[in-house]
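These notes concern the structure reproduced below.
The values are calculated or read from the model by the stated rules, or taken from the named source; none is laboratory data. Bear in mind that the values here come from a model prediction, so they are computed numbers and not experimental data. Glycine also receives a Cβ, built like all others from the backbone with ideal geometry; neighbour counts cover every protein chain displayed.
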Amino acid sequence: MAASGGAPPAAPARTELYSKLLAVLFFMTLLTLMLLEAPWPTETTVASQEQTTPPLAELLFGEYGASFAMLSILMGVALFGGLFLAREDREEEEGAGDGGGAKAGAAKEEGAKGAVKGGEAKGGGAG
């Protein structure tokens, strides 16, 4: 039975594949139904629509002007805060890499000094 132990794991993988395919089929069916049932604009509906941009602009910069300005400032502050936090993390990572590199560089430098001293001793004895 130990040799046939490889067969049961294949069954859950197949079940997982079927469940994924079923989910994809379900969502594709929903998407198709939504696209077919959507009220798409036709020439008659486009011609009968009035422009909505001027009334929207009047609302945004008139009645809701202060709210719109405060929201834009808040979003700008959030953007700069996110950039600051991301940059701070990156600087910490680079700093950690430099610290390790500085220690390794100091060890190499000390090793090179030792080799030079050893070479002088050998060279002094040979010369």
**Message:** Every residue in the stretch 25-73 that is at pLDDT 85 or above and among the acidic types (Asp, Glu), please.
**Reply:** Glu37, Glu58, Glu63
**Fill in**
Being part of a helix (DSSP H, G or I), loosely packed, with under 10 Cβ neighbours inside 10 Å and either modelled with pLDDT of 60 or more or out of contact with any Cys (no Cβ under 7 Å at 6 or more places or on another chain) (or both) narrows Gly119, Gly124, Gly76 down to just Gly124
